[in-house]
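Some notes on the structure that comes next.
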Amino acid sequence: MLLLDVGNSRCKWALVQNGRWAHQGVAGNTEWLALQQAFAVLPPPSRILASNVAGEAMAQRLRTVCAGWQSPLEFVTANAGQCGVSNSYQQPERLGSDRWAALIAAWGLVRGACLVVNCGTATTVDALSVDGEFLGGLIVPGVSLMQHSLATNAAQLMAEQGSLQYFPRNTADAIHSGMLRATLGAIRYQFDLLQKRCGEVRCLLGGGAAGVVQPHLDLPLERVDNLVLKGLQIIGESKA
């Protein structure tokens, strides 16, 4: 079974054989030749499951890359309930497939209340109850996106590397500290809300920018990478 997690900037993949990841890799969303070359040496998968949040043009490119295999490309979408997780989104099908798969993976790991945080192009902060109900969540611009937005739209604010400071006294530190404080504040606030509602709560943290956020997040957390792929695997192996 081949699993594809197509985000806003990268495509991560894993080939599952007998329940274990036999091969895995990552390519930028414009690096289709590299993806084709990686797939060319793989054995034909029995199924191909994809989470794609990069739009229809990207979906069509994926179909082209996978066209040489007999197994059809299946795009996972959120629904009202799956693999032990119930979806309380007002329109369940409008929840991003990446968030849905990550929630399913988190429930498989924790089986209890947890905050699922993915730090990518956007930072998502999603809450699971003790019963596996997705209560709702936040979408915040990712740390790199915040910096890029400031550098692009504010002429006096250059995209220089800064560091986290209590009271920044230069522009680079002010931007870096602002990005981190905004992200950390959103995560901590949602954690506190979930803790008040559910009692004991765990936080699962992943995504490409998790390493920037994790050292400054004083919560009971666990770093879990590839939650979307792990959720896709659970979906693919589930009979329900």
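Worth a mention:
- Computed magnitude of the charge dipole of the chain (debye, nearest 20; Cβ of K, R +1, Cβ of D, E -1): 160 debye
- Shape call, the stretch 189-240: gyration tensor on alpha carbons, a/c limit 1.5: oblate
- Across the stretch 19-156, Cα pairs under 8 Å and at least six residues apart give a relative contact order of 15 percent.
- Ranked packing of 207-215, 23-31, 115-123, most packed first, by mean Cβ within 10 Å: 115-123, 207-215, 23-31
- Legend: Rg and Dmax of the stretch 2-75, from Cα coordinates, 11.2, 32 Å.
- Pairwise Cα distances in the chain exceed 34 Å for 20 percent of all pairs.
- Estimated FRET transfer efficiency (Glu31, Arg181; beta-carbon r; R0 41 Å; 0.05): 0.75
- Residue among Tyr166, Tyr189, Tyr89 with the largest mean-square fluctuation in a Gaussian network model of the chain, springs linking Cα atoms under 10 Å: Tyr166
- For the chain, the longest principal axis of the alpha carbon atoms and the long axis of helix 171-198 meet at an angle near 70°.
- Annotation: amide H of Gly208 within the under-5 Å range of Cys119, sequence separation 5 or more or interchain, hydrogens built in the peptide plane.
- The chain: angle of helix 143-153 to the longest principal axis, Cα-based, in degrees nearest 10: 70 degrees
- Peptides 73-86, 32-45 ordered by packing proxy, namely the average of other Cβ atoms within 10 Å per residue, highest first: 73-86, 32-45.
- Anisotropy class of the stretch 112-225 from Cα gyration tensor, a/c 1.5 cut: prolate
- Calculated [222 nm] ellipticity per residue, helices only, for the chain: -11500 deg cm²/dmol; basis is -39500 (n - 2.57) per DSSP H run with n ≥ 4, divided by all residues, nearest 500.
- Database remark: amide H of Arg202 closer than 5 angstrom to the amide H of Cys114, Leu115 (H placed geometrically; neighbours at sequence offset of 5 or more, or on other chains; Pro and chain starts carry no H).
- For Arg10, the residues whose amide H sits under 5 Å from its own are Asn29, ignoring neighbours fewer than 5 places away on the same chain, with H placed 1.01 Å from N.
- Highest-fluctuation residue, Leu180, Leu128, Leu103 considered, GNM on the chain with Cα pairs under 10 Å: Leu180
- For the stretch 51-154, a/c is not less than 1.5, where a ≥ b ≥ c are the root eigenvalues of the C-alpha gyration tensor, and a/b does not top b/c. That puts it in the oblate class.
- 3J(HN,Hα) couplings calculated from phi for the stretch 37-46 with the Karplus curve 6.51 cos²θ - 1.76 cosθ + 1.60 (θ = phi - 60°) are, in sequence order, 5, 5, 6, 4, 9, 8, x, x, x, 6 Hz; Gly and Pro show x.
- Nearest-ten-degree value, helix 97-110 long axis tilted from longest Cα axis of the chain: 90 degrees
Coordinate-derived values only; no laboratory data. None of the values given here were measured: they were computed from a predicted structure. All Cβ positions, even for glycine, are placed from backbone atoms using ideal geometry, and neighbour counts span all protein chains on display.
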